Structure formats: C-alpha cells, structure tokens
1. Which numbered condition trips up Arg170, out of (1) in contact (Cβ under 8 Å) with a residue 60 or more places away in the chain; (2) open to solvent by less than 40 Å² (accessible area, probe 1.4 Å); (3) part of a helix (DSSP H, G or I)?
2. Against the definition (touching a Gly at 6+ places or on another chain (Cβ under 9 Å), among the charged types (D, E, K, R) and in contact (Cβ under 8 Å) with a residue 60 or more places away in the chain), how does Lys116 come out, yes or no?
3. Which one of Leu107, Leu150, Leu87 is touching a Ser or Thr at 6+ places or on another chain (Cβ under 8 Å) and farther than 16 Å from Arg61 by Cβ?
4. Please verify whether Val92 is open to solvent by less than 40 Å² (accessible area, probe 1.4 Å), within 17 Å of Leu150 (Cα to Cα) and either modelled with pLDDT under 90 or touching a Pro at 6+ places or on another chain (Cβ under 7 Å) (or both), treating the condition exactly as stated.
5. If Asp156 satisfies every condition in (1) closer than 21 Å to Ser58 by Cα; (2) in contact with an Asp or Glu (Cβ under 6 Å, 6 or more places away or on another chain) but one, which is the exception?
6. Give the residues of the range 63-76 that are surrounded by fewer than 18 Cβ atoms within 10 Å (Cβ to Cβ) and either touching a residue at least 40 places away in the same chain (Cβ under 8 Å) or in contact with a strand residue (DSSP E or B) (Cβ under 9 Å, 6 or more places away or on another chain) (or both), sorted by residue number.
7. Of the numbered conditions (1) more than 24 Å from Leu132 (Cβ to Cβ); (2) open to solvent by 10 Å² or more (accessible area, probe 1.4 Å), Leu30 satisfies every one except a single condition; which is it?
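The values are calculated or read from the model by the stated rules, or taken from the named source; none is laboratory data. If you're wondering where the values come from, they're calculated on a predicted model, not measured in any experiment. Quick reminder, even Gly has a Cβ in these numbers, built from the backbone with ideal geometry, and neighbours come from all protein chains shown. Just the protein is used for accessible areas: all its heavy atoms, side chains included, with ligands, DNA and RNA removed. Shrake-Rupley method; radii C 1.70, N 1.55, O 1.52, S 1.80 Å.
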Amino acid sequence: MSPRMSPKYDREAFYAELDAAKSEISALSLTDILRKDYKSWSDGGLELGIASVVQGLSFLREKADAEAGGKDALVRACAGFAKERSLGLFAVMTAFTNSKGDFERELLLLATEEGKASEAAKRFVEKSAGELKLVELDQPVSEEGSVAWLGVWRQDSLEASRKQVAPLLREAMKA
C-alpha cells in the first residue's frame, strides 16, 4: 500500500469492538467485578458503597451461582462484599446493552442492618423512585437474615448514572 493510501476507518465498527472489549468481564470473579468500578462515601453515620457494572443483574446472578456452586447466591455475595467493607448501604448499578441492542440500567440496593441503613434505603425509594423512573423487578432470593432490606429495579431514567444516583442515596442517609 502506498503511503497515501490508508485503510478505510470505520468509526462504528471501532466503537462496537471497543464496547465489546469493555463489557467482557466474564474472566473476573464476582468480587473483582464489584471492585472494578467501586466508590464509597460516609454520610450521616452510615457507609455507602456503589459498584458500577457493565453487565446486567442476570449476568451477575449466573456468575454468583456458578462461583457458589448453587442457586440464589447474588444477594449473599453482595451482602458479604458490603459487610467486609462495613457498609450500611450497598448499591450495584448496572449499565449495559441488552440482547436487542437497547441500553438499559438496573439498580440493586441493600441495607445490611436494621435501623439507620434500612430507613435510609426506604427514604431513597420514597424520594427518588419517580425521578429515576424505578420499575420494581423480581427480587432475587436472599437467605433469612443476610440483609435487612433489599430492592431491585430497572432504572428507566437512562441518563442517571452514578453521578446522579449517589447524591440521592447520600441525601437519604442524612435524615
């Protein structure tokens, strides 16, 4: 090829390849996936942690079940992750492209203890469900006593990333 000739650059193909590589997290353990893009805050005497994940909750459920060698391991794994970090509230925010090619967001929120943490989780839902357009999803099974409070939603406000959700959670922690 002469110096003047260059291969045709296909921006869409490049983006699709880059997006696929970014979303390929299957070789990571569930703990590593949760740690990969994790932030934490302390507010109102509570610790909050948020893990952002580039795959959906169904992927995380399958990963947790495979690692545990059983069923319904996601909540137990998330509770363990939260308790290791002394979190009162732990959120898993997913942002991914579904099998139809549509962008989606999901949110799993758990409180590890009764009292301040579970009350903050309830306040968050009361004050923010409308703004975030939260649509309740089937709850994953949790063992008795593994968490004090659990909520799982599809988030139809697709523009609301962790930068918008974290302040809402922190505000709910202050009361």
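1. Here Arg170 clears every test but (2).
2. Values: touching a Gly at 6+ places or on another chain (Cβ under 9 Å): yes; among the charged types (D, E, K, R): yes; in contact (Cβ under 8 Å) with a residue 60 or more places away in the chain: yes.
Yes: the conditions hold for Lys116.
3. It is Leu87.
4. Details: open to solvent by less than 40 Å² (accessible area, probe 1.4 Å): yes; within 17 Å of Leu150 (Cα to Cα): yes; either modelled with pLDDT under 90 or touching a Pro at 6+ places or on another chain (Cβ under 7 Å) (or both): no.
In short, no.
5. (2)
6. Residues satisfying the conditions are Lys71, Asp72.
7. (2)
Residues checked against (1) open to solvent by less than 10 Å² (accessible area, probe 1.4 Å); (2) out of contact with any helix residue (DSSP H, G or I) (no Cβ under 9 Å at 6 or more places or on another chain):
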| residue | (1), (2) |
| --- | --- |
| Arg61 | no, no |
| Cys78 | yes, no |
| Lys83 | no, yes |
| Thr97 | no, no |
| Leu110 | yes, no |
